[in-house]
1. Within 10 Å of each residue's Cβ, count the other Cβ atoms and sort 263, 58 from fewest upward.
2. Computed from these coordinates, which is Kirkwood radius over Cα pairs in Å: (1) 20.1; (2) 18.8; (3) 19.6?
3. How far is the Cα center of the range 102-172 from the Cα center of the range 1-15, in Å?
4. Enumerate the aspartates and glutamates that residue 255 could reach by cross-link, defined here as Cα to Cα under 16 Å, with residues fewer than 8 away along the same chain left out.
5. With the contact rule set at Cα under 8 Å and sequence spacing of 6 or more, what percent relative contact order holds for the range 51-180?
6. Where in the chain are the DSSP H helices whose alpha-carbon span along the long axis reaches 27 Å or more and whose Kyte-Doolittle mean is at least 0.5?
7. Restricting to DSSP H runs of at least four residues, report the calculated mean residue ellipticity at 222 nm for the chain, -39500 (n - 2.57) per run over all residues, nearest 500 deg cm²/dmol.
8. Restricting to Cα pairs below 8 Å that are 6+ residues apart, what does the relative contact order work out to for the chain? Please round to a whole percent.
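The numbers here are math on the coordinates, done by the rules we state, and not lab data. Since the model is a prediction, treat every value here as computed from it, not as a measurement. When we count neighbours, we look across all protein chains shown, and the Cβ atoms used for this are built from the backbone with ideal geometry, even at glycine.
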Amino acid sequence: MPSVHIIIVNYNSGAWLQRALNSVLEHSNAVVSVVDNASQDSSVAEAQQAITSERVNWVINTQNTGFAAANNQILKELEADVAVLMNPDCELRPDTLPIVLDALESHPEFGLVSCRILNEDLTLQPTCRRKFPTPWSALVRLLKLHALFPDNPKFTNFDYGEHIQPDEAPHRVEAISGAFMVVRKPALNDVGLLDEGYFMHCEDLDWCKRFDDSKWAVGFVPAAEVVHAKGVSSKSRPIGVLWTLHKGMNRFYDKFYRDTYAWPIRIAVKAGVYASFVARVGKALVSR
């Protein structure tokens, strides 16, 4: 079996950090690094008091460096064969890692993989299996055309993980969710670390795009699953998180599509991104 190092970047995740760690310690033999990004709650203190396993290493940052930078603190020194990037509001199932590691062994072309990601009510999260957003698919998403024309392939949502069956074979996809990502060390060495130009959100899409552009494939393993509470760390700063999300969208488009599309399309994309930010902030303020 390959050696495994699990990385959990924590920020204000409350009791979920203990749940995540307990699932990891119970269902794996992996070394675990918790990188705390200057949390303002008691999540780390309570977890350290409750969990004394020598397999858990604690890295306490004095400032919030962002998701990519915090993961890179461990990835750049990685000695294990495989690294697992797991959100603090995730829980492993008993067979999650064995199934994923078996898929890596049987599919040597997979450099980065994930699996079915479930909400707490066990419904599937559509973002667990994704396509790269293009200007057209972003417009479809913004105008909700995929909901108006659900049977038309021209208007498909780029998040399409809600109908996965666990008996599907492992297969190649364009992108996966950053909530749970498993990477091989040789692939990491070839593709490189996460892009720290993203503070939070879209660094997973960026990584997937770079894997897709390399000799390594991004794989999806339907037989494995994790539970993801989603947004636990974001509740304390919803508008700030929305800003970093949309800022990340702009960075992704500029980085990968600047030379692909004419300037009117690029301007339209940026206008759409900012319109989406304003609309979602308004919705968040109304709901509060």
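1. So the ranking, lowest neighbour count to highest, is 263, 58.
2. (3)
3. 24 Å
4. In chain and number order, the partners are 195, 196, 203, 204, 206, 212, 213.
5. Here the relative contact order equals 28 percent.
6. Helices meeting the criterion: 263-287.
7. Rounded to the nearest 500, it is -12000 deg cm²/dmol.
8. Once divided by the residue count of the chain, the mean separation gives 22 percent.
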